[in-house]
Amino acid sequence: MSKTAQEQAPAGSETPPSPPVRPLTAAAVVAALGVVFGDIGTSPLYAFKECLRVKDADANILGASQVVPILSLIIWSLICVVMVKYVLLVMEANEDGEGGIMTLVSLASSKDKTREKRKHRSFLVLLGVFGAALLYGDGVITPAISVVSALEGVKEANDRLHGPLSPQFLKYFIPTAAVLILVGIFWLQKIGTGRVGMYFGPITMVWFLVIGGLGILSLVTNSQVLGQILWAFNPLEGLQLLLSHPGLGILILGAVFLSVTGAEALYADMGHFGQRPIRTAWIFIVFPALILNYLGQGAWALAHPHELTEAGFNPFFNMAPNWAQIPLVAIATLAAIIASQALIAGAFSITMQAIQLNYLPRMRVERTSDVESGQIYVPIINWLLMTGSIYLVLHYENSENLASAYGIAVSLTMLVTTILFGQYVRHRLKIPTAGAYALLTPFIVLELLFVLGNAHKVLPNGWLPLVVGIVVYYLMAVWNKGRIAMKQKMNDNDGTDDFANFLDSVEDRFAAGKMSRVKGTAIYLAGSTKAVPMALAHNLKHNKVLHDHIIVVTLKVDEDRAVVPATERVSFHTRGPKFCRVDGHEEFPSVLTVVGLFGFREKQDVFPVQDAAFRELGISPKELDITYFLSRETIVRATTGFSLNAVQEKVFEVLNRNSLSATAYFNLPPGRVVELGMQVEL
């Protein structure tokens, strides 16, 4: 007997209904501003400044002669990478409105089961996992550089206003204030963006209005250079710099890349707001504000060429009037906090997806909103990111040093996204792989240049976020490989794989009076629908009792879908006909196996699945009559035959030992959980 919950849908509904199209409202656009565009919106604080700090072959800082070519590269990078690649193209690669690099993996990989296709899929999955791991490196450095860059406005304001603060005081004040702000940012995560998110959008809206207004003010104030500045819209200005000075041009591109960091958030956070609000916010608010601000910074630089060689110059704050310095620092700090918040939330989402796909051990994942499923909090990731960000602030001290470590991990992630998108284009258009990548050649070339332009940062400072990403990727790979090996080992050592035969043997022992029957409902969590749960086998072997109702729950994750429709959530498989109700009389306890299917962006939840099983059996047990039986594996070292080497085995053992228990992960009531341990030899 087997049926699915889809059979309960209205007659004639052969496919699940499409998700409703989210309406385009002003509130949705403002909300998207507060979450999606915080990172890229704070790039003007440091991007143009770092471009002007690039030194030529004679170790001289670039002068006013390179301002227009640099602006041209920034403008056309925003157009090509953000506008065309992400907003117009990549956002089309979504699944029920969900985006992100792991969604792109599922869309890009073939579902063909041939051996070659499986290898191809494995490669794409590992590539996507590597790109996701690199985002953790970005998550460490983005809060640090955003907050420090904003606070450095205090120094600019103090100099412009001839304030009383000494350079020695500012040297310690900025890092100290940055650390305190970072502690506050990460502390707020446990409260959840659901309670403070309503303020993010309006503040970010004010931020974009301010930076756009500053740009216009600078263009008006420095109108004598307006004719020169407008040449920045000519792409040949930037191309001429790259072709005439290739070495210098590559280094400048590494700094120009800072202007597009955060573009990945447009795709990753698409599921929270939908395509239309994000696209509308970018086209009508964010893009114009960024362009105006960069043009304004360029106008100030052309009008004040002598100040470009001074230490600590910052066009962003210098182009503002004296009376606006302090308010500008305040709004910039708030914008930096919001930018950090968005990036940290992205790291939480990646972590949950990795846990679902079995690339990370179970961790505590807390829901912070009853409305938005994407608003979650992962404590251990939160505190690790905080520790890393504080270390970077104390170690590098200023935004210039932080910028020298920023970019390499993000540029690699963008390149990975483009590669995966090429596979998606191949499937979507049904064209050869070469043809798909030929269409994406401009993006691939540009992002390879970005990677090359950031490569020189690796040895001085850029190795840290890169190492963070590589370490996370290594842990993910080891955990996934170890779990596969352990599952195989358990199946090899378990002689009760045939569920039907097992139930027949239990029935014989029950009929012979060798087993007792107890009141209540027993729920066994199983990792597979084929094998008998270890907890069930051991409970019957040692305790020799059967509950009135036995429900075997298996929670599965569909690696090819971000969200599973409710009509496909639950399927039932009643095992052993002799073991079920006969003619309305329960001669033997009923046994029902139920499978709950979830997308890789959804948190697995036992309770709706068990409630569906109760309805299927026609029972309404009291909470105190329900007992959950779980199995917990303890790894013992093997002598031979394990697929992991000695180092990987030790790493996997440590990860498994510190993995969150199923009781805590699924929020089961501890007083009604029985854990039966077993040793697995690896």
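Annotations
- Yes/no for N318 being of a type in the set (S, T, N, Q), farther than 15 Å from G41 by Cβ and assigned by TED's automatic domain parsing to the domain that holds T142: yes
- V518 meets each of the listed conditions (1) buried (at least 18 other Cβ atoms within 10 Å of the Cβ); (2) over 30 Å from I355 (Cβ atoms); (3) at pLDDT 75 or above apart from (1).
- Looking only at residues in segment 598-625 that are under 21 Å from the mean Cα position of the chain (by Cα) and among the hydrophobic types (A, V, I, L, M, F, W, C), the one that is modelled with the lowest pLDDT is F600.
- The one condition from (1) buried (at least 21 other Cβ atoms within 10 Å of the Cβ); (2) in contact with a strand residue (DSSP E or B) (Cβ under 8 Å, 6 or more places away or on another chain) that L308 does not meet is (1).
- Residue in segment 649-657 that is surrounded by 18 or more Cβ atoms within 10 Å (Cβ to Cβ), part of a strand (DSSP E or B) and modelled with pLDDT of 85 or more present: no
- Residue match in segment 47-64 (condition: under 25 Å from G97 (Cα atoms), modelled with pLDDT of 80 or more and of a type in the set (A, V, I, L, M)): no
Residue by residue, here is whether (1) part of a helix (DSSP H, G or I); (2) surrounded by 24 or more Cβ atoms within 10 Å (Cβ to Cβ); (3) at pLDDT 85 or above holds:
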residue	(1), (2), (3)
F284	yes, no, yes
P288	yes, no, yes
I291	yes, no, yes
Y294	yes, yes, yes
F313	no, no, no
F316	yes, yes, yes
I331	yes, no, yes
A335	yes, yes, yes
A345	yes, yes, no
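- Test: M386 is of a type outside the set (S, T, Y) and buried (at least 22 other Cβ atoms within 10 Å of the Cβ): no
- Within segment 349-364, the set of residues being surrounded by fewer than 20 Cβ atoms within 10 Å (Cβ to Cβ) and over 16 Å from Y474 (Cα atoms) comprises R362, M363, R364.
- Residues located in segment 538-553, provided they are touching a Leu at 6+ places or on another chain (Cβ under 9 Å) and either under 24 Å from Q604 (Cβ atoms) or not assigned by TED's automatic domain parsing to the domain that holds T663 (or both): H538, N539, H549, I550, I551, V552, V553
- Residue that is modelled with the highest pLDDT [pool: residues in segment 86-134 that are among the hydroxyl-bearing types (S, T, Y) and crowded, with 19+ Cβ neighbours inside 10 Å]: Y86
- V148 meets each of the listed conditions (1) closer than 20 Å to F317 by Cβ; (2) modelled with pLDDT under 80 apart from (2).
- Flag if A11 is over 28 Å from V147 (Cα atoms) and modelled with pLDDT under 80: yes
Here's the yes/no breakdown for (1) in contact with a Ser or Thr (Cβ under 9 Å, 6 or more places away or on another chain); (2) modelled with pLDDT of 85 or more:
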residue: P361; (1), (2): yes, yes
residue: D370; (1), (2): no, no
residue: Q375; (1), (2): yes, no
residue: I381; (1), (2): yes, yes
residue: L385; (1), (2): no, yes
residue: V416; (1), (2): no, yes
residue: G422; (1), (2): yes, yes
residue: V425; (1), (2): no, yes
residue: R428; (1), (2): no, yes
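The values are calculated or read from the model by the stated rules, or taken from the named source; none is laboratory data. From a predicted model like this one, the values you see are computed outputs, not experimental measurements. Because the Cβ atoms are built from the backbone with ideal geometry, glycine has one as well, and the counts that use them run over all protein chains shown.
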